[in-house]
Amino acid sequence: MERRHFLRASVGFACCAAGVEVVALAAPRRIAVEARKFQFTPSEITVRKGETVTFVLTSVDFPHGFSLPDFGVRKDLIPGMVLEVTITPANAGRFHYLCDNFCGDGHDRMSGILVVA
Amino acid sequence: MDGIDRREFIKLAGFGGLVFASGLPGCAHLAGPGGGDFHFLQLSDLHWGYNIASVNPDFAGTLPKAIAAVNSLDQKPDFVVFTGDLTQTTDDPKLRRARMQQVREMTSKLNVPKVWYFAGEHDAALDRGEAYQETFGETLRYTFDHKGIHFIVLDNTSDPAPILGEKQLEWLRADLAKLSRDQPIVVLTHRPLFSMYPQWDWATRDGQAAIDLLMPFPNVTVFYGHVHHENHHRTSHIAHHSALSLMFPLAPVGTVEKKTQVPWNAAAPYKGLGYRDVGAGPRREATPLEIPVKA
């Protein structure tokens, strides 16, 4: 069974042996982020503090960079490839992500905001 | 500056025509506004080809104005260095070359003994510096010596990623190995070597490796561009000075959420635009002095 399907089928809830506690173990929310000259889609992402999320990163037209410096994350997005990055923000705030591979005239405005509420 | 407040000297010099006060008490070595044995000028971030009038309605006139101001100086600098982003980037290779040729022609009017150039990411990142080298005939990284100071030009822009790269770091290591520890060094580069604000792409990923190589030398100063506003920072004893732009200012970190070009202020035209005069000498730290473009 594909791992993703197995997770969906089995980990929605986990009951402890004593039957007195039910803990939600949902898989991380997956958020697709597409890079193309000269924007990220979406350009603003909102997550909850403490929520584990996985960014599914793709690029359409250039080896854009995906850099989220406040979380120590940076990747090169090669067109045709899919990369995943998982984070669990511990603090609320507004954090920049940006393309950090120079990609052309609109490079300087190719950025987005991660809102941790 | 020895014996005179630097701001006071600026007032005395009056800028439109700099007068070098070598006869002032305590200024025996004063040959430039920083009090060095000589001075040179740093012009940066021309972005020739940029044409957003709400940010700079005089986009075609600001560089010629600066060149005229330099040519009017009573005390000629020993040289002028352009620290990158000579042109606004374009995907069109022909237009890129045309813009560079225009910059070359305009800057040839500088009446100074020598002009040095190097590339910014707008010039070089899309073709690994091919058009830049064709037009300006400079290599992307090089060294030169002038009146006791060793100048090192580092390239952190011809790769689309903001890096120096292992090959260049090895080149730097080999160059520094030839120097005595008391050799004064000025590093010229486009992006900040230190991690100024990577959230806005104001950093060189492996810049710290270059700083580490420079650390054993007690007299090192770095002049750079890229951030379009004046910033002074130290990593240990090494001073890092960013230059003003000659096309548009960028707002400093902490003043706006996103990287922002500062709109034109009709009440204060050319505000935030300018160039730099550096006083330098083998016995002192190279000292910058910002010179605004005047209306």
Open item on the list: With 22 Å as the cut-off, how large is the P(r) tail for region B:55-134, expressed as percent of Cα-Cα pairs?
Closed with: 29
Open item on the list: Run the reach check for B:Lys114 against lysines, Cα to Cα strictly under 21 Å, same-chain hits fewer than 8 apart removed. What comes back?
Closed with: B:Lys65, B:Lys76, B:Lys147
Open item on the list: Based only on Cα atoms, what mean projected area does the convex hull of chain B have, in nm²?
Closed with: 14.7
TODO: Please name the residues of region B:228-267 whose accessible area, counted over protein heavy atoms with a 1.4 angstrom probe, falls by no less than 20 Å² between the chain alone and the full protein assembly.
DONE: B:Glu257, B:Lys258, B:Lys259
Task: B:Asp155, B:Asp74, ranked by accessible area, largest first (probe 1.4 Å) - done: B:Asp74, B:Asp155
Task: Long-range Cα-Cα pairs in region B:224-284 (distance over 20 Å), rounded percent - done: 37
Task: Alpha carbon Rg of region B:155-295, scaled by the compact-globule rule 2.2 N^0.38 Å - done: 1.12
Task: Cα-based Rg / Dmax (Å) for the protein assembly as shown - done: 24.7, 91
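Chains A and B: buried accessible surface, both sides, probe 1.4 Å, rounded to 100 Å²?
1600
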Task: Reciprocal mean inverse distance between Cα atoms of region B:36-189 - Kirkwood radius, Å - done: 16.6
Task: Complex-versus-alone comparison for region B:156-172, residues with a loss of 20 Å² or more in accessible area, probe 1.4 Å - done: B:Pro160
TODO: Please give the per residue accessible area of region B:39-292, computed with a probe of 1.4 Å over protein heavy atoms only, in Å².
DONE: 37
- [ ] Go through region A:26-98 and name the trypsin sites (Lys or Arg not before Pro) that are in a DSSP coil and have 15 or fewer other Cβ atoms within 10 Å of their Cβ.
- [x] A:Arg48, A:Lys49
Task: Rh by Kirkwood over Cα pairs, then Stokes-Einstein D for region A:28-116 at 1.306 mPa s and 10 °C, µm²/s - done: 123
Open item on the list: Taking all protein chains in place and a 1.4 Å probe, what share, in percent, of the accessible surface of region B:39-292 do carbon and sulfur account for?
Closed with: 53
TODO: Compute, for A:Glu44, the solvent-accessible surface of its heavy atoms (probe 1.4 Å) with the complete set of protein chains present, and express it in square angstrom to the nearest 10.
DONE: 100
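The values are calculated or read from the model by the stated rules, or taken from the named source; none is laboratory data. No experiment lies behind these values; they were computed from the predicted model shown. Quick reminder, even Gly has a Cβ in these numbers, built from the backbone with ideal geometry, and neighbours come from all protein chains shown. Surface accessibility is based on the protein's heavy atoms, side chains included, excluding ligands, DNA and RNA. Shrake-Rupley method; radii C 1.70, N 1.55, O 1.52, S 1.80 Å.
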